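Structure record follows, encoded as C-alpha cells.
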Amino acid sequence: MGQYYKAILLDKKIGLKPWDHGGSDDPDENFNGAKLMEHSYIGNPLVNAVENLIKRTGTYGSARVVWAGDYADGEEKNDPDGNNLYNFVSEGKFLRVILPAEKQGRNKEEVRYLVNLSKGEYVDLFKCREDEHGLTIHPLPLLTCEGNGRGGGDYHGEELYIGYWARDRITLQRSKPQKAQEIIPNFNEWR
C-alpha cells in the first residue's frame, strides 16, 4: 500500500496536509498527492507553503521540520498503537493544521539555499537537476522524511541523505551561508 506524508514544523506545532495545499481553487481538484514522490518537487504547492513559512524572510524564519509518514515509527518505544507524528496531526492531539492563506509561487532567486541550522550544512537549490521528465526533486521533503521505504510512492533511488535532516532546524535564504558546509544530495528516481 502507499504511505502518506504530512509536513510538520515541530517547534511551531503545525502540520500541513498535502490535500489542503493543491494548486486549484476548486476543493475537488485540490489534491496534491499525499505520497512522498507525488509532491516532492520544486514548485509544488505543499513544498511552496513550507518554504514560505520557514524562509528567513517568512512567517517563522526557521523551524524544526519533518515530513512524517503514516508508516513511520511511533514516538514512544512501548506504544502498542505506534502513534507517530502523522497520526498526531490526523487526530489533532498535538499539532494544529495550517491552511494556505493564499497561493504563493516559488521565486528561485529569493530562496536559493536550503540551510540546516542544526548541522551547519546547506544545499544549493540551483544545483538540483531536472530529471528526464522535466521535474526537479526538491531536497527538503526527502532530507526531512521519516518512514521512507515502507510504502508505495516513497523515494526508491539510492541516496545516503534520506531522512538525514529530519527534526533539524531548517531555513531558506538568498545568500550563501558563510559558516556551513555544502552537501550535494543526488535525488533521482529515474536512474
### Query
Checking E158 against (1) in contact (Cβ under 8 Å) with a residue 40 or more places away in the chain; (2) in a loop (DSSP other than H, G, I, E, B), which single condition isn't satisfied?
(1)
### Task
State yes or no: is G43 part of a loop (DSSP other than H, G, I, E, B) and either at pLDDT 85 or above or of a type in the set (F, W, Y) (or both)?
yes
### Message
Anything in the range 129-152 that is surrounded by 19 or more Cβ atoms within 10 Å (Cβ to Cβ) and part of a loop (DSSP other than H, G, I, E, B)? List them, or say none.
### Response
H138, T144, G147, N148
## Note on the structure
Scanning the range 46-75 for residues that are assigned to a loop (DSSP other than H, G, I, E, B) and of a type in the set (A, V, I, L, M, F, W, C) gives A72
### Task
Return yes or no: is A180 among the aliphatic types (A, V, I, L, M) and either farther than 28 Å from K12 by Cα or surrounded by fewer than 17 Cβ atoms within 10 Å (Cβ to Cβ) (or both)?
yes
### Query
From N148, N186, which residue is farther than 17 Å from K35 by Cβ and either of a type in the set (S, T, N, Q) or without any contact (Cβ under 8 Å) to a residue 12 or more places away in the chain (or both)?
N186
### Task
Those residues that are at pLDDT 85 or above and closer than 17 Å to D11 by Cβ, I need them from the range 76-100; list them, please.
L85
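The values are calculated or read from the model by the stated rules, or taken from the named source; none is laboratory data. What you are looking at is a predicted structure, and each value in this text was computed from that prediction instead of being measured. Positions of Cβ are backbone-derived with ideal geometry, glycine not excepted, and every protein chain shown enters the neighbour counts.
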